[in-house]
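Take a look at the structure below.
Just so it is clear, none of the values below were taken in a lab; they were calculated from the coordinates. The structure displayed is predicted, hence computed values, not measured ones. Note that each Cβ is placed from the backbone with ideal geometry, even for glycine, and that neighbours are counted across all protein chains shown.
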Amino acid sequence: MYGLVNRAIQQMVTTHHGEAVWQRIKERADLQDLDFFSTYQAYPDDVTHRLVAAGSAELGLSGDQIMQAFGEYWITYTATEGYEQLLESTGESLPDFLNQLDNLHARAAVSFPALQPPSFRCVHSADASMQLEYRSKRQGLAPMVTGLLHGLGKRFETPLEVKQMASRDRGDATDLFQIRLSPPSDSAAGLPDDGMKHE
């Protein structure tokens, strides 16, 4: 994965838990000699997996909880790291955005030529719900997709519920998510936290 992902993990941890916790996570992951992650450098996926496993052990959270919290954080992080225009051009509403996810990744590949993007297919229903099919060469990232969807819900001030209907980890052919939307309202400010323990 590109260094941008690992940098986001670092910032999420230091923002919520402080620099000392991040240093302990790096030590657990046997990455203590790595001073920084370069945004546009491709790192082995194993580096990211080690950070997640180390974060899980250090914070007392499951790997799925870490990945879901990271998925939600990723939406805000990428907007502040210079990709706000890319996000804005992808859609003016959550349904529009989900329809254009593959196009977003195609545009991102201009800056990240070694990108191995996932693929998404969104099917809309008349009852303000959608099914999102997620396909990826990588295993174990479905919890991140759940977090991404919640992060996008906050971005578009659209409260939503997400339920995973099928999972490759359970032997299904694909990962499939059911998304139920509520109309935008002032209650969006009261959406749940990102799932990370704050200290």
Listed by range, helices (runs of 4 or more DSSP H) wholly within segment 1-69 having at least 2 residues that are closer than 16 Å to Met144 by Cα and touching a Ser or Thr at 6+ places or on another chain (Cβ under 7 Å) are 3-17
Apart from one, (1) outside any helix (DSSP H, G or I); (2) exposed (fewer than 13 other Cβ atoms within 10 Å of the Cβ) all hold for Gln131; the odd one out is (2)
Those residues of segment 102-148 that are touching a Gly at 6+ places or on another chain (Cβ under 8 Å) and closer than 25 Å to Gln85 by Cα come to a total of 5
Is it the case that Ile75 is β-branched (Val, Ile, Thr), assigned to a helix (DSSP H, G or I) and within 16 Å of Leu4 (Cβ to Cβ)? yes
Glu161 passes all but one of the listed conditions (1) surrounded by 13 or more Cβ atoms within 10 Å (Cβ to Cβ); (2) assigned to a loop (DSSP other than H, G, I, E, B); (3) of a type in the set (Asp, Glu); the exception is number (2)
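Specify which of the listed residues (Ala114, Ala126) is surrounded by fewer than 16 Cβ atoms within 10 Å (Cβ to Cβ) and without any contact (Cβ under 8 Å) to a residue 24 or more places away in the chain.
Values: Ala114 fails: without any contact (Cβ under 8 Å) to a residue 24 or more places away in the chain.
So the residue among Ala114, Ala126 that is surrounded by fewer than 16 Cβ atoms within 10 Å (Cβ to Cβ) and without any contact (Cβ under 8 Å) to a residue 24 or more places away in the chain is Ala126.
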Counting only residues in segment 39-55 that are over 17 Å from Gln11 (Cβ atoms) and of a type in the set (A, V, I, L, M, F, W, C), the one nearest to the chain's Cα centre (by Cα) is identified as Ala53
Selection over segment 1-44 where residues are surrounded by fewer than 16 Cβ atoms within 10 Å (Cβ to Cβ) and charged (D, E, K, R) yields a count of 5
Check: Does Gln100 count as surrounded by 15 or more Cβ atoms within 10 Å (Cβ to Cβ), without any contact (Cβ under 8 Å) to a residue 60 or more places away in the chain and over 23 Å from Ser167 (Cβ atoms)?
Finding: yes
